[in-house]
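What follows draws every value from the coordinates through simple rules; no lab data is involved. It should be emphasised that the depicted structure is a prediction, and the values quoted were computed from it without experimental measurement. We place every Cβ from the backbone using ideal geometry, glycine too, and count neighbours over all the protein chains shown.
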Amino acid sequence: MKVIIDGRVLSHELNTGVQCYVREIINAFDKINFKYDLVKPKIFNRYFQQIWEFTVLPYRARCYDILFCPANIAPFWLPERVKLVLTLHSISFIKYRKAYKRSFKVYYEWLVPKALKRADRIITVSVSERKNILNIFPEYENKIDVVRNGVNEIYLDKQRFNEKEKFILYVGSLSPGKNVEHLIKSFLEISSRIPHTLIIAGNRMPIFKEMSLKGPIQKVFFRENIGEKELADLYASADLFVFPSFYESSGLPPLEAMSCGCPVIVSNIPALRERCGDAAIYCDPNSVEDIAEKILLVLQNSALKEQLTKKGIERAKLFRWENSARSMVKIFEGVYGT
């Protein structure tokens, strides 16, 4: 069984959840000694990367049994003998349209249905996202599998730091769907009552330069381009991790925080409930007041913090990238055998 992997997104300068997913699953394939070939464009312009995916990649794939496209889209055409396995992470471009530019929505609404139709097997990252996909594309019920994401080993058994500087942490994209604006507003409502600062770890976007916020904005800090080791140290030092996203298909950062022993507050949405179980406190992402109340609830209750820490560490142990990789190999073998 010869497998080729589309590594287009690894040539991007952005570092989003999809890029993380592709890096982690490739590393996991290596750890379980699964043999594959990875191909990616040598150009950094995203427009030309797309052209590469629709022209060069199908040509390169012609001598393989399976093409694995791990980042939502796939070539328009493939030789008929080549099986296609596609990971569709999310249909947020349909479910949460206001978070995306019009050009992106049009592009994905055109490409994703074509990829789903051509795919011999579709992988998504949670049961809740599988339901979302089938609500839009019910005709693919018999070819969608769920393979949950894992947690990077660098975060496992991370020793907690006792920092003099107390802070609340958010990690992730700063797109509107991540709801960082509500997090900042909720923090500013209570900042005079707690000694903490708020650290936002993600690429800063113009929306935050334009935000008109009341309160001590100097207590909010943005950190950009953070490496994995530094990020692990942030998780291990934070008093609390807050992730108030409006929409998620899986959500890696809450599990990363849990694995480092950091208490977690997340949005009360299906994917995060599936991911975090009883190891997190849930908030209403639409309510600045509720987010603020939940932050105070955890910070002012040491017994609750300790309980969340213990439950979070155990919860994170359930998610391993090697297990994800083994599940994918079984899917490849099933496709190859048809």
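Numbers at a glance
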quantity	calculated
Using θ = phi - 60° and Karplus 6.51 cos²θ - 1.76 cosθ + 1.60, couplings along the range 192-202 (whole Hz; Gly, Pro as x)	6, 9, 9, x, 7, 9, 10, 10, 9, 9, x
Filtered trypsin sites (Lys or Arg not before Pro), the range 231-338: DSSP coil and at most 14 other beta carbons within 10 Å	Lys317
Helix axis angle, 180-190 relative to the chain longest principal axis, alpha carbon, degrees	10
For the range 245-303, radius of gyration divided by Kirkwood radius, i.e. Rg to Rh on alpha-carbons	0.95
Kirkwood Rh and Cα Rg combined as Rg/Rh, the range 232-338	1.09
Separation between Cα centres of the range 12-43 and the range 280-308, rounded to whole Å	35
Relative packing of peptides 64-74, 30-40, 121-131, 257-267 - highest average C-beta neighbours within 10 Å first	257-267, 64-74, 121-131, 30-40
Helix 17-31 vs. the chain, principal-axis angle (Cα, 0 to 90°, nearest 10)	60
HN-Hα J in Hz across the range 109-124 - Karplus 6.51, -1.76, 1.60, θ = phi - 60°, x for Gly and Pro	5, 8, 7, 4, x, 5, 5, 5, 5, 6, 5, 7, 8, 10, 10, 10
Helix-derived mean residue ellipticity, 222 nm - over the chain, DSSP H n ≥ 4, -39500 (n - 2.57), to 500	-13000 deg cm²/dmol
Convex hull (Cα only) mean projected area of the range 1-65, reported in nm² to one decimal	4.6
Highest average packing first - 44-54, 77-87, Cβ atoms within 10 Å	77-87, 44-54
Cut-off under 5 Å, modelled amide H: who pairs with Lys83 long-range	Ile66, Leu67
Equivalent ellipsoid, the range 41-111 (semi-axes from 5 times Cα gyration tensor eigenvalues, Å)	25, 15, 9
Derived scalar couplings ³J(HN,Hα) [the range 101-108; Karplus, 6.51 cos²θ - 1.76 cosθ + 1.60; whole Hz; x for Gly, Pro]	5, 4, 4, 5, 4, 4, 4, 6
Estimated D of the chain in µm² per second, where Rh is the Kirkwood radius over Cα pairs and Stokes-Einstein applies at 20 °C, 1.002 mPa s	102
Relative contact order (%) - the chain, alpha-carbon pairs under 8 angstrom, separation at least six	18
Förster radius 30 Å - calculated FRET efficiency between Glu228 and Lys317 (Cβ-Cβ, nearest 0.05)	0.95
Using alpha-carbon coordinates, inclination of helix 46-61 to the longest axis of the chain, degrees	40
